[in-house]
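Trainee: Supplied in structure tokens, the structure appears directly below.
The values are calculated or read from the model by the stated rules, or taken from the named source; none is laboratory data. Values in this document were obtained by computation on a predicted structure and should not be read as measured data. So basically every Cβ, Gly included, is an ideal-geometry build from the backbone, and we count neighbours across all protein chains shown.
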Amino acid sequence: MSMPPRHQESRVLEAAAPGFEGTRGDGEAHAESTSAVVIGTGLSGLAVAAELSRSGVRAVTVDGLESSSPSTATSALRVADLSSAESAEYLDVLRHLRKYAVSHGLDVRHHTVARHLALTEGPHGDAAARWGVRTDTGLLLADAVVLTRCAHNQLRRFLGELGYSLGDHLLEGLGEIGLYLVGVTGLAAPSTREVLRQAKHVGADVAARVGAGLQPA
């Protein structure tokens, strides 16, 4: 597996958003720093956000890369693919996660859309590489990014530009650079329980990466 060049910002993924600038009037993006950014505000994203909250990880959750208003659209498409029993479980878990997000004050920005994702480093190359997530309002800088919403063709192109391809050791390799995937690696949508399993695993991995201490849920 090859790594992206580290002597400059490496542009690795851009959503279909022609003309996007994401900067202030002075030409510089408004930057906000956090430990993790979760991309996707559907069930997968909220499940990851909840796990990160339980582990004491500061996180910002924003909408996914392939549409401007994903939350309701994602739910409708996801439920259409499920059996009646699975649909009921999916909607029940989604309602629970939404309530958890509100009651625990999670930073979920349903109307902020991720437009561009890049692996960056400090200006002098002496700082650890971080992820930059551009949105309509600025730039989120994070030690880890969890991608839960991305069209499959975008994901393949994205991984190719990073030097990766879908395969047995994909998740381990991406984890080394602070990028995690939940519910987006297969063509078929995973079950609700599988999404929750992946979210729990990734939440623990991100907490270990950023050195977060456990706190009560």
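Trainee: What residue, of SER71, SER53, is buried (at least 20 other Cβ atoms within 10 Å of the Cβ), out of contact with any Lys or Arg (no Cβ under 7 Å at 6 or more places or on another chain), modelled with pLDDT under 95 and polar (S, T, N, Q)?
Mentor: Working: SER53 fails: modelled with pLDDT under 95.
From the options SER71, SER53, the qualifying one is SER71.
Trainee: Let me ask something additional. Is region 9-27 home to any residue that is within 25 Å of GLN198 (Cα to Cα), touching a His at 6+ places or on another chain (Cβ under 9 Å) and modelled with pLDDT of 90 or more?
Mentor: No: zero hits.
Trainee: Is it true that some residue in region 154-161 is closer than 19 Å to GLU51 by Cβ, under 16 Å from the mean Cα position of the chain (by Cα) and crowded, with 16+ Cβ neighbours inside 10 Å? Write out each step before concluding.
Mentor: Let us first name the residues in region 154-161 that are closer than 19 Å to GLU51 by Cβ, namely none.
Checking region 154-161: not a single residue is closer than 19 Å to GLU51 by Cβ, under 16 Å from the mean Cα position of the chain (by Cα) and crowded, with 16+ Cβ neighbours inside 10 Å.
Trainee: On the given criteria, is GLY64 surrounded by 15 or more Cβ atoms within 10 Å (Cβ to Cβ), touching a strand residue (DSSP E or B) at 6+ places or on another chain (Cβ under 9 Å), modelled with pLDDT under 95 and under 29 Å from LEU170 (Cα atoms)? Before the answer, list the steps.
Mentor: Details: surrounded by 15 or more Cβ atoms within 10 Å (Cβ to Cβ): yes; touching a strand residue (DSSP E or B) at 6+ places or on another chain (Cβ under 9 Å): yes; modelled with pLDDT under 95: yes; under 29 Å from LEU170 (Cα atoms): yes.
Yes; evaluated as a whole, the condition is true for this residue.
Trainee: Scan region 142-153 residue by residue and report those that are outside any loop (DSSP other than H, G, I, E, B) and crowded, with 16+ Cβ neighbours inside 10 Å.
Mentor: Start the filter on region 142-153 by keeping residues that are outside any loop (DSSP other than H, G, I, E, B), which leaves 142-147, 152-153.
Matches in region 142-153: ALA142, ASP143, ALA144, VAL145, VAL146, LEU147.
Trainee: Separate question: Pull up region 170-217, narrow it to residues that are assigned to a helix (DSSP H, G or I), touching a strand residue (DSSP E or B) at 6+ places or on another chain (Cβ under 7 Å) and of a type in the set (Val, Ile, Thr), then point me to the one that is modelled with the lowest pLDDT. If you could, list the steps in order and put the result at the bottom.
Mentor: To start, the set of residues in region 170-217 that are assigned to a helix (DSSP H, G or I) comprises 170-175, 192-210.
Restricting the remaining residues to those that are touching a strand residue (DSSP E or B) at 6+ places or on another chain (Cβ under 7 Å) gives 171, 174, 202, 205-206, 209-210.
So of that shortlist, the ones also of a type in the set (Val, Ile, Thr) come out as 202, 206, 210.
Details: VAL202: 96, VAL206: 97, VAL210: 91.
Checking each candidate, the answer is VAL210.
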